[in-house]
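Below: the structure, in structure tokens.
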Amino acid sequence: MRTHYAGDLRPGHVGSRVTLCGWVEARRDHGGVVFIDIRDARGLAQVVLDPEQLPEAHRLRSEWVIRVEGSVRERPAGTVNLELPTGEVEVVVDTCEVLSEAEPLPFPIDDRPGGEGAVDEALRLRYRFVDLRRPRMQANLRLRSRLALAVRQAMEDQGFVDVQTPTLTRSTPEGARDFLVPSRKQPGTFYALPQSPQLFKQLLMVAGLDRYYQIATCWRDEDLRADRAYEFVQLDAEASFVGAEEVMAFIEVAVAAGIEAVTGTRPTEFPRMTWHDAMDRYGSDKPDTRFGMALVNLTDLFAASEFRAFAGKTVVGLRLPGGADTPRNRLDAWTDRAKALGGGGLVWMRVEPEALDSPVAKFLSEPEQKGLRDGLGAEPGDLALLVADDDQRLAQTVLGALRLEIGAEVGARPTSLAEPLNLVWVTEFPLFEKLSDEGRPVPSHHPFTAPHPDDVLGLEDDPLGARSLAYDLVVNGVELGSGSVRIHDRELQQRIFALIGIGAEESQARFGFLLDAFRYGVPPHAGFAFGIDRLAMVLAGEQSLRDVIAFPKTQSGADPLTGAPAPVDDRQLRDLGLRAAPPPD
RNA sequence: GGUCCUGUGGUGCAGUUUGGAGUGCACGCCGCCCUGUCAAGGCGGAGGUCGCGGGUUCAAAUCCCGUCAGGACCGCCA
């Protein structure tokens, strides 16, 4: 049907007879001559039509699909367009066929500068097939494809075997809400879509696969965010007879290969940071290390303070260099934000040569004021921001979140997520995140994560103090993924289950098949998974996962294109032994 | 479950704070003119339940209440 891609035409094609197929990107009808920019998957080329010979040239409209035949020639002197890769040539058309007419598009698809204002996202999703014609979206999908290929190749090169695991399975203990699929053969029972292939990959280790990987879709029925989708895609991997170091090395190779395939530059630095340090210095377990404004723990300084908002609480602060001239309404907005994040408030102090200018300065003693300046390294002209709370984690995360937002606002944090790329491993996560309402420890990762060997003995005495052999990979404040060394000892596994309140009966019912498998010779193993969507989002410089997913859902979980989710026939429900409850009032 | 932002011709915006005729800008669309354009240009034109419902008022895009949709965030979750 065609001989060349329009976007490929170069001076070397001059004299060739070509046939191009594509969409009408633009038409410039001069009456006596008509220029058409024809767009295909590789780019644009200008074709020239003579209406005397081809009267239908006047009929052509934007986004019609056409096929043209003609010969390539150099553009006449003075008419070369250096903005276009194909701008030195044009095609003189002698045959033009309309393959498909098109109605005017529901919204413009050019990404050229000057077109301020993003098209409403619901409209984009309703007409996603149009939206995906935009160069930016095309680039994102192609970027994602290159990324996935490079990651896959890197895993193959390292001896990993691609094994597909079921999508209709049983709930895995990942802690999120499952998507359920009713069984027809056994009414009243349900499959679950996997939150991850966790148990299967461990079984593959027992099976002796040694090194497994898969680009796997995972489903979690939790509320959506810019960086969270119901269904997301991970590079999932597991290996036997290895520990954390080996797994991290495997993943570094895969991530580096993926990044290199997209950016052309292979990252070499994968620094480490303990979870404790990340929380202390960045107020987050996924630190953006591309800029300063690090948190400083000032708790000891104010332990016995006269200022009741600080005394005996965790007090964390950060220094905003040159921030003393921040207008009051900004400070108030930041304070409101701190409250919205769950903090009690935000204390600000303008650092002056001899004093601190702040509503609370009068409550702080001379040594406290000096200690604060020294602790933060504050210079005159800086602004100090402090958060205090009984809950250390809360104080840190509130200021950590403000650090990101204020850092972006004042220009300290790079605007684009795509560069520079600061990868960092966060290690030594706590084994348990908190106590549940029933007073049971809640696993930070999942219940198969191995405790840090130094903390195994005291597990029952101080569960919240126990570290794990879990590690996260973070880039620019985005959690790419996480992994851990797994428990391969039945006795230790039972201890963990007992600790988190899963009795022998329940553990046998829910994942007895894994525990059983462990009776038959289980190798020590460890693994990891990282989000392909997330990495693609970062590398594309996008703020939302939806912009690297071809057909994403809205925040309320709907797909405006297909109309999903939708009611089904009573017949379908009957077959499944289901009855829809009346909608709640 | 909660907080906040947004909703005005096909698209993106202004207009809403301080109620007074659907007023405006850019793009797109339709017609005519035009032989070297590059988002062509010129002239003319069409196109609106101001998301929806209710209330206040002599009068509502504008104020109030409710609701729907989209988005950001908290909870939740990776």
Query raised in the report: One-quarter of the Cα convex hull surface for segment A:97-200, in nm²?
Result: 13.5 nm²
Query raised in the report: How far, in degrees from 0 to 90, does helix A:392-409 lean away from the longest principal axis of the Cα atoms of chain A, to the nearest 10?
Result: 30 degrees
Query raised in the report: What is the distance, in nm, between label points placed 7 Å from the Cα along the Cα-to-Cβ direction at A:Leu180 and at A:Leu573?
Result: 1.5 nm
Report summary line: If each part is reduced to its alpha-carbon centroid, segment A:218-296 and segment A:1-48 end up apart, in Å, by 44 Å
Query - About the Cα centre, charge dipole magnitude for chain A (Lys/Arg +1, Asp/Glu -1 at Cβ), debye - result: 1100 debye
Requested in this report: With unit charges on the beta carbon (Lys/Arg positive, Asp/Glu negative), name the residue among A:Cys218, A:Ser183, A:Gly344 whose Cα is farthest towards the positive pole of the charge dipole of chain A.
Outcome: A:Ser183
Report task. Give me the number: length gained by fully extending A:Asp29 to A:Glu460, i.e. 0.36 nm times residue separation minus the C-alpha to C-alpha distance, one decimal in nm. Result -> 147.1 nm
Requested in this report: Would you calculate a helix-derived [θ] at 222 nm for chain A, using -39,500 (n - 2.57) for each DSSP H run of n ≥ 4 and dividing by the full residue count, to the nearest 500?
Outcome: -8000 deg cm²/dmol
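Can you tell me the order of A:564-573, A:259-268 when each peptide is scored by its average per-residue count of other Cβ atoms within 10 angstrom, highest first? Each step should come with its number before you reach the end.
Values: A:564-573: 10.2, A:259-268: 14.7.
Packing order, densest peptide first, comes out as A:259-268, A:564-573.
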Requested in this report: Would you be so kind as to identify which of A:Val91, A:Leu44, A:Ser284 lies farthest towards the positive end of the dipole of chain A, taking Lys and Arg as +1 and Asp and Glu as -1 on Cβ and the Cα centre as origin?
Outcome: A:Val91
Requested in this report: Determine the distance separating the Cα centre of segment A:428-455 from the Cα centre of segment A:538-569; give it in Å without decimals.
Outcome: 33 Å
Requested in this report: Only Cα pairs under 8 Å and at least 6 apart count here; give the relative contact order of chain A as a rounded whole percent.
Outcome: 13 percent
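Starting from the Kirkwood Rh over alpha-carbon pairs, what translational D in µm² s⁻¹ does segment A:484-554 have by Stokes-Einstein at 37 °C and 0.692 mPa s?
It diffuses with D of about 213 µm²/s by this estimate.
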Query raised in the report: Stretched out fully, how many nm does the piece from A:Asp277 to A:Ser556 gain, at 0.36 nm a residue minus the Cα gap?
Result: 96.8 nm
Query raised in the report: Over 28 Å between Cα atoms, which of A:Lys201/A:Lys286; A:Lys286/A:Lys553; A:Lys185/A:Lys553 qualify?
Result: A:Lys185/A:Lys553
Query raised in the report: Got a sec? Charge dipole of segment A:1-154, +1 on Cβ for Lys and Arg, -1 for Asp and Glu; which of A:Thr3, A:Met137, A:Leu60 is way out at the positive end?
Result: A:Met137
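What number, in nm² with one decimal, is the all-direction average of the projected area of the convex hull of the alpha-carbon atoms of chain A?
The orientation-averaged projected area of the Cα hull of chain A comes to 36.3 nm².
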Query raised in the report: On alpha-carbon atoms, Rg over Rh for segment A:222-299 using Kirkwood Rh?
Result: 1.03
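Charges at C-beta only: +1 for Lys and Arg, -1 for Asp and Glu. How large is the resulting dipole of segment A:6-100 about its Cα centre, in Debye rounded to 20?
It works out to roughly 100 debye.
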Query raised in the report: Using +1 on the beta carbon of Lys and Arg, -1 on that of Asp and Glu, and nothing else charged, what's the dipole of segment A:84-194 about the Cα centre, debye to 20?
Result: 880 debye
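Taken together, the values in this text are just the output of simple stated rules run on the coordinates, not laboratory data. The model shown is predicted, which means the values in this text are computed figures rather than measured ones. Cβ coordinates were reconstructed from backbone atoms using ideal geometry, including for glycine residues, and neighbour counts include every protein chain displayed.
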